[in-house]
Amino acid sequence: MKQMPLLILFILFLTGCSVLHKPQSAISTYALGMPHLSLTEQVPKQLQLHRRSLLITDATAPAWLDNTAIHYRLLYHNPAQSYAYASSRWIAAPATLLTQQIRNRIVTSTPEQVLKDSGTAKADYALQIELDEFTQLFDATDSSHVVVSLRVSLIERNSRKLFAQKDFSTIESTPSADAAGAVFALNSASKKLINELVNWLIVELPPA
């Protein structure tokens, strides 16, 4: 009878060792990526002579989205609750990834000089970006889509006047109802949304 507790402790010790030495599952990390042409290939040379400086500040996001998690919601179960994949994540917060993609796209598609820090040079205009949604939504266990939504504000730096503002939102179906499908669709949706944003910016910016 006195040996029984020792036997139990020995079994628990072996169990603990097996847990400690169990290999951890690998974490998959993803980035937003889209090919783009160089400035000289995309923008006519005559336009490069009339360049304005545009400060693109780092995009902001609500607290729940300001992390590297890949978020999803179950519309068929509890649409108000947000979940995150345990073994998949972004290499940086979505707002950070989108900011870089938007800067790259504007550089390669417009004659504007893009600044990311107001301390480096004085900008003519500032572009402020607020990311509101970057999520996978499950309509059923085997069917999902993604939503990307953001608000953009164009501000004249000298007068600090709100020059223009627009909300952008896009929806994209996922090729698979999992993290990989979410990443693929969010990349595609982001590319479409950024294209819309750049086209809007070209129209809204006054002539140099």
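Cβ contacts < 6 Å: first residue over 22 Å from Leu150 (Cβ atoms), restricted to the range 73-102; second residue exposed (fewer than 15 other Cβ atoms within 10 Å of the Cβ) and of a type outside the set (D, E, K, R), any location; separation 6+ or different chain. Result?
Tyr76/Ala140; Ser87/Ser25; Ser87/Ile27; Ser88/Ser28
Quick one: which of Phe184, Phe163, Phe134, Phe138 is open to solvent by 10 Å² or more (accessible area, probe 1.4 Å), touching a residue at least 12 places away in the same chain (Cβ under 8 Å) and closer than 18 Å to Ala84 by Cα? Before you say what the answer is, go through the steps one by one.
Details: Phe184 fails: touching a residue at least 12 places away in the same chain (Cβ under 8 Å); Phe163 fails: closer than 18 Å to Ala84 by Cα; Phe134 fails: open to solvent by 10 Å² or more (accessible area, probe 1.4 Å).
Of the residues listed, the single one that is open to solvent by 10 Å² or more (accessible area, probe 1.4 Å), touching a residue at least 12 places away in the same chain (Cβ under 8 Å) and closer than 18 Å to Ala84 by Cα is Phe138.
For the range 78-130, which residues satisfy the criterion of being of a type in the set (Ser, Thr, Tyr) and open to solvent by 20 Å² or more (accessible area, probe 1.4 Å)?
Ser82, Tyr83, Tyr85, Ser87, Thr96, Ser109, Ser118, Thr120, Tyr125
The values are calculated or read from the model by the stated rules, or taken from the named source; none is laboratory data. This is a predicted model, so every value here is computed, not measured. Using ideal geometry, Cβ is built from the backbone for each residue, glycine included, and neighbour counts are taken over all protein chains shown. All accessible areas refer to the heavy atoms of the entire protein, side chains included, with ligands and DNA or RNA removed. Shrake-Rupley method; radii C 1.70, N 1.55, O 1.52, S 1.80 Å.
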